[in-house]
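Peer 1: Below is one structure. I have some questions about it.
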Amino acid sequence: MKSVLIVEDEKMIRRGICTMVERSGVPVEMIMECQNGELAWEILKDKEVDVMFTDIRMPKMDGIELVRLANTLPKPPLMVAISGYDDFSYAVEMLRSGVREYILKPVERDKIAGILKTLNEEIEGKNLRSMKDKDFGLKEVRQLVERPVIDEARIREIAERYSEIFVTGPYRVVVAPVGSFKDVIDGILFENVNASDVLVLEEPREFDEDRFEELRAGASDVHTGLVELRKAYKEALERRKRAFVECRGIKSDDDIKEAPEPLRVQAKRLVEEAALMQRLQLVGTKREDELDEQWGKLFTECKRGNLSYDDFEAALTDFNDNVKKIYKNSVTEEAEEELKRLRDVLSLADIDEYREALMEWIMKLRGLILQSDDSEGKKKLKAAVEYVEQNYMKDLNMAVVSNYISMNYSMLSYLFKQYTGTNFVNYLKGIRIKEAKKLLSDTDMKIIEVSRAVGYDNEKHFMKTFKAECGVSPGEYRKNMQRQ
């Protein structure tokens, strides 16, 4: 329970009730007190109160008038009337006015504690229902920003149902990369909507300017009413696209300048199929400077405003779709996961950050392609296999082998599987089990000795692995071989 207000003109009684509330066993964050209805009404207008205990007969404004006024509030408190008179007509009038309890003086501590516990349970139940309603409402309201198509009737229906819960005054919508608003307490947050986070901030609260610039965020104009949320989101999204390209926060469309048509026509050629295929084919060549130049043109023309963001994004989507088809034997699972992230262009802060991430990915893929085709690369892979076959009995892992042949760990992981048909772990395990079989059939070595001789320090692990691979335990395998 957040707050309790005690309204009583007699100071001793008022202080006594305060003490009873404090010792009731019900946690209360704030206990307020005043000596008449007028002062209580000023408090109620200014603060949201959970429970109010009020005397009936008081100077200036009595308890009956105070209860009547309290009931006009958007969220009236749960009210308890206190009276020094056992008057049935008073009790009936107060209970009809919505008072939960009518108690007589002298007030008993157990009575106050019991009433508070009952009312606290009611408040907690309401809060839980309210949270559930709000969670469901958030899912409904999210449709206004997330769904590509939604009819006007559905927009109005959602707006009418949830406006009072979510947006009660003027607001702005802010769009920024996913994870940008984790430290923002105020506002309504929709996470990961089309690779962006969407924050609804009620005015006049202003988003921190430095933070806004840092996030390369896009913000809408000021709007009113939930029915305008979709429009506000679209405004913010378009400005987020500009913020991505211009590497700064954008709050208005005041400084939009359209590039001259000849420059736009020229830039448009960079997203045509011929240019796309050229960039794709260059990935698999040793012409690194030309590859960097061709990609550089695409990014430069977009930054200059000659190429629209939408055309720029379409070119990247085409590349994403086709690079996996052309170089399917070279795109590792890890590389494909990274490519999925790059598909969501606005998941990165700005165009410079995106260019760096994309070119890093392309150069990594290019290295895999060239390494697998290169005779020097094949020599290294042959050396890796020979090293495993000669050192299987040692504490061996892929990091050791990659250092031995001077090859990137991730690259070796991919190329080793291409070269041998299986991954490193399974290849090493296969050699160890093969050698273990020889020792079991040709020698009298103990199982623990065989285990250590083939690279397993833990005998139990060796026995479990052997049985999983061969279907029988090492001891059973030896007996079977002796019978032959």
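Peer 1: Please return the longest stretch of the chain lacking exposed loop sites, where GluC sites (Glu not before Pro) count only if DSSP places them in a loop and at most 12 other Cβ atoms lie within 10 Å.
Peer 2: The reported range is 273-484.
Peer 1: Something else: Let me check against my output: what whole-number percent is the relative contact order of the chain, with C-alpha pairs under 8 Å and at least 6 apart? Don't skip to the answer; put the middle values down first.
Peer 2: Numbers: 617 pairs, mean separation 37.4, N = 484.
After rounding, I find 8 percent.
Peer 1: As a check on your grasp of the helix formula, calculate [θ] at 222 nm for the chain: sum -39500 (n - 2.57) over DSSP H runs of n ≥ 4, divide by the residue count, round to the nearest 500.
Peer 2: -19500 deg cm²/dmol
Peer 1: Suppose the Debye formula is applied to equal point scatterers at every Cα of region 261-373; what is log10 I(q)/I(0) at q = 0.11, 0.12, 0.20, 0.21 Å⁻¹?
Peer 2: Taking Cα atoms of region 261-373 as identical point scatterers yields -0.33, -0.40, -1.12, -1.23.
Peer 1: While we're on this one: Mind checking the dipole of the chain: about its Cα centre, +1 per Lys or Arg Cβ, -1 per Asp or Glu Cβ, Debye to the nearest 20?
Peer 2: Taking the Cα centre of the chain as origin, the dipole is about 2620 debye.
Peer 1: Please name which of I64, M393, S24 has its Cα lying farthest along the dipole of the chain towards the positive end, using unit charges on Cβ (Lys, Arg +1; Asp, Glu -1) and the Cα centre as origin.
Peer 2: Among I64, M393, S24, the one farthest towards the positive end of the dipole of the chain is M393.
Peer 1: When you have a sec, figure out the Kirkwood radius of the chain from all distinct Cα pair distances and drop it here in Å to one decimal?
Peer 2: 30.0
Peer 1: What is the order of V4, V173, V454, fewest Cβ neighbours within 10 Å to most?
Peer 2: Result, fewest neighbours first: V454, V4, V173.
Peer 1: Show the residues, 5+ positions off or on another chain, whose built amide H is closer than 5 Å to the amide H of M32.
Peer 2: V4, L5, I6
Peer 1: Between their Cα atoms, which of K297/K325; K2/K60; K234/K257; K126/K241; K303/K324 are more than 30 Å away from each other?
Peer 2: Where the Cα-Cα span goes over 30 Å, the pairs concerned are K126/K241.
Peer 1: How big is Rg to Rh over region 147-246, alpha-carbon atoms, Rh as the Kirkwood inverse-mean-distance radius?
Peer 2: When Rh is taken as the Kirkwood radius, the ratio is 0.95.
Peer 1: What is the pair-distance distribution P(r) of region 338-484, computed from all Cα-Cα distances in 10 Å bins starting at 0, with each bin given as a whole percent?
Peer 2: 10, 30, 23, 19, 11, 5, 2, 0
Peer 1: Given the chain, what percent of its DSSP beta bridges are antiparallel, to the nearest 5?
Peer 2: Bridges in the chain are about 40 percent antiparallel.
Peer 1: Farthest toward the dipole's positive end in the chain, which of T422, A113, L189, given Cβ charges of +1 (Lys, Arg) and -1 (Asp, Glu) about the Cα centre?
Peer 2: Positive-most Cα among the choices belongs to T422.
Peer 1: Which value in nm describes the separation of the simple spin-label points at Y404 and V149, placed 7 Å from the Cα toward the beta carbon?
Peer 2: It works out to 6.0 nm between the two label points.
Peer 1: Please arrange I103, I256 by how many other C-beta atoms lie within 10 Å of their C-beta, fewest to most.
Peer 2: Lowest to highest Cβ neighbour count: I256, I103.
Peer 1: If I model a spin label at T19 and K297 as a point 7 Å from the Cα along the Cα→Cβ vector, what separation in nanometres do I get?
Peer 2: If labels sit at T19 and K297, their model points lie 8.8 nm apart.
Peer 1: Still on this model: Separation between the D310 and S163 pseudo-spin-labels, each 7 Å from Cα along Cα→Cβ, expressed in nm?
Peer 2: If labels sit at D310 and S163, their model points lie 3.1 nm apart.
Peer 1: Still on this structure, please answer the following. Counting other C-beta atoms within 10 Å, which of M12, M398, M58 has the fewest, and how do the rest follow?
Peer 2: Least crowded to most crowded, the residues run M12, M398, M58.
Peer 1: Which trypsin sites (Lys or Arg not before Pro) does region 1-32 hold that lie in a coil by DSSP with at most 12 other beta carbons within 10 Å?
Peer 2: The qualifying sites are R23.
Peer 1: Enter the angle in degrees (range 0 to 90, nearest 10) between the Cα long axis of helix 109-146 and the first principal axis of the Cα atoms of the chain, meaning the one along which they spread out most.
Peer 2: For helix 109-146, the angle is close to 50 degrees.
Where a number appears in this text, it was derived from the coordinates with a stated rule and is not lab data. Please read all numbers here as calculations on a predicted model, not as lab measurements. For neighbour counting, all protein chains shown are included, and Cβ atoms are generated from backbone atoms with ideal geometry for every residue, glycine included.
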